[in-house]
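Report on the following structure.
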Amino acid sequence: RMLAGASLFVLGFAAVFVTTGVIAGSAGRLLAEYRDVITRVLGGLIILLGLIFAGVLRIGQRDLRIHRIPAVGVAAAPLVGVVFALGWTPCLSPTLGVVVNLGFNEGTAARGALLGFVYALGLGIPFVIAGLAFTKMGRAVAFLRERQQLIMRIGGILMIIVGLLLVTGTWDTLTALLRQWASTFETVI
């Protein structure tokens, strides 16, 4: 029952992130001629969000949560996932901002959806694992909670680096090099 609830919860917030990716990818196609300017502006925004995430700027640090959820059973898990995705935006937005920016730059709804889905998987797999190992999670949660500030600072620094790469145009260069390198691979079979 815990696994079903966790999985349905993840599907709920995955739907929101996939939809966000589709919208960003579609907008990227429509605004393709302004891509360079928009990329640099979004890179600056990602730097700002990274500074917030790293704790350098104290903007948007309020935590809003629903503290009492009515007992309606597993069927409500997808709705709770949607509410989680929409309600925890201040907590999720720095990383999600990078994902949306990448979807926007790709310029296709399918690519945006894929990026949103992969983001949702990365966020959701720990929830599913936690659902499986609910009774044994106490020590792991305590370990991560003790190191929460460090984890957030590292994440913020990585976001600042991505933002700088976007602002300077280095991201496009690295992406082109990676595509060129990956195109030389051949299947084993």
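For segment 1-35, what are the residues that are closer than 19 Å to Leu114 by Cβ and without any contact (Cβ under 8 Å) to a residue 60 or more places away in the chain?
Matches in segment 1-35: Leu30 only.
Would you mention how many residues in segment 107-151 are under 22 Å from Phe17 (Cα atoms) and open to solvent by 50 Å² or more (accessible area, probe 1.4 Å)?
The qualifying residues number 11.
What do you reckon, is Arg139 closer than 30 Å to Leu3 by Cα, modelled with pLDDT of 85 or more and not hydrophobic (A, V, I, L, M, F, W, C)? Step through it out loud before you land on a result.
Numbers: closer than 30 Å to Leu3 by Cα: yes; modelled with pLDDT of 85 or more: no; not hydrophobic (A, V, I, L, M, F, W, C): yes.
Taking the combined requirement at face value, the residue does not satisfy it.
Could you tell me how many of the residues in segment 1-25 are in contact with a Pro (Cβ under 7 Å, 6 or more places away or on another chain) and of a type in the set (Lys, Arg)?
Count: 0.
Looking at the structure I just gave you, is Val37 among the β-branched types (Val, Ile, Thr), modelled with pLDDT of 75 or more and more than 27 Å from Met152 (Cα to Cα)? Before the answer, list the steps.
Details: among the β-branched types (Val, Ile, Thr): yes; modelled with pLDDT of 75 or more: yes; more than 27 Å from Met152 (Cα to Cα): yes.
Taking the combined requirement at face value, the residue satisfies it.
Taking interchain pairs and intrachain pairs at least six residues apart, which have beta carbon atoms under 7 angstrom, with the first residue in segment 36-64 and closer than 20 Å to Asp172 by Cβ and hydroxyl-bearing (Ser, Thr, Tyr) and the second at pLDDT 80 or above and open to solvent by less than 90 Å² (accessible area, probe 1.4 Å)?
So the pair list comes out as Thr39/Leu166.
Taking into account only those residues within segment 85-106 that are within 24 Å of Arg153 (Cα to Cα) and open to solvent by 50 Å² or more (accessible area, probe 1.4 Å), which is modelled with the highest pLDDT? Walk me through it before giving the result.
First, pick out the residues of segment 85-106 that are within 24 Å of Arg153 (Cα to Cα): 85-102.
Those left that are additionally open to solvent by 50 Å² or more (accessible area, probe 1.4 Å): 86, 88-91, 95.
Details: Leu86: 61, Trp88: 58, Thr89: 53, Pro90: 50, Cys91: 54, Thr95: 67.
Applying the filter and picking the extreme gives Thr95.
The values are calculated or read from the model by the stated rules, or taken from the named source; none is laboratory data. Everything quoted here is computed from the prediction, not taken from an experiment. Quick reminder, even Gly has a Cβ in these numbers, built from the backbone with ideal geometry, and neighbours come from all protein chains shown. Heavy atoms of the whole protein, side chains included, go into the accessibility calculation; ligands, DNA and RNA do not. Shrake-Rupley method; radii C 1.70, N 1.55, O 1.52, S 1.80 Å.
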